[in-house]
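Each remark here refers to the structure printed beneath this line.
The values are calculated or read from the model by the stated rules, or taken from the named source; none is laboratory data. Everything quoted here is computed from the prediction, not taken from an experiment. With ideal geometry, Cβ positions are generated from the backbone for all residues, glycine too; neighbour counts draw on all protein chains shown.
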Amino acid sequence: MKRPSTALVGTGVLALVAGLVVVGRSPDVPGALVIRTTVATSVVDASDAAESTPLATSSTTSTTSTTLVTRAAVVVAVANATDERGVAAAMVDRLRAYDYLSVTALDAVAVTESTVVYFAPGFGTVAQRLALDAGLSVDAVAPIGEAPALEDDVLTQLLIVIGTESL
């Protein structure tokens with residue numbers, strides 16, 4: 001095995017981190033998803049290595065699991081932020097087909113361009129699943145504090161604001 005050059009040895013510690021995310025169905029909670037994240041880290045300490053000695057290495061692997069709440073257990077509001085009538089109601093129908101049971105349609109105060117799923121604290125991953133169910137990218141999510149004003153007050157965990165780009 002070829003040793004790294006002296007220039008690389010002088011840099012000290014080199015770390016390699018690789019991650020893997022696996023999404024699957026929960027065997028314990030019908031309709032829930034389980035997200036398993038595995039991170040493997042390998043550290044090479046080259047700071048004190050002499051040319052004739054092997055490099056010191058260490059490796060660790062950790063796995064964490066997250067079970068998402070079922071769609072039926074999530075409270076969702078859908079706000080129409082366009083000038084076209086019925087947009088929020090159509091999204092409510094789409095989400096009910098995915099087994100979201102507590103879904104409400106309402107209107108935003110102003111027209112917006114972007115369609116975004118806003119989430120209450122602790123619901124970021126659930127918001128990403130909702131975005132996919134709504135036909136959006138998982139990147140179309142933001143904290144609920146960034147949501148535009150609505151015509152009515154609503155108590156919700158997730159809020160979809162449908163903008164003109166979705167028409």
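Tell me, yes or no, whether the stretch 110-118 has at least one residue that is at pLDDT below 95 and not in a helix (DSSP H, G or I). The answer is no; no qualifying residue exists. So, Thr125, is that one part of a loop (DSSP other than H, G, I, E, B), surrounded by 15 or more Cβ atoms within 10 Å (Cβ to Cβ) and among the hydroxyl-bearing types (Ser, Thr, Tyr) or not? So Thr125 does not fit the description; no.
Residues in the stretch 132-139 include none that are touching a residue at least 40 places away in the same chain (Cβ under 8 Å), small (Gly, Ala, Ser) and either in contact with a Ser or Thr (Cβ under 7 Å, 6 or more places away or on another chain) or part of a strand (DSSP E or B) (or both). Residues that are surrounded by 13 or more Cβ atoms within 10 Å (Cβ to Cβ), assigned to a strand (DSSP E or B) and either among the β-branched types (Val, Ile, Thr) or touching a residue at least 12 places away in the same chain (Cβ under 8 Å) (or both) do not occur anywhere in the stretch 83-101. Considered as a group, the residues in the stretch 117-143 that are farther than 20 Å from Ser166 by Cα and among the β-branched types (Val, Ile, Thr) include one that is farthest from the chain's Cα centre (by Cα), and that residue is Val126.
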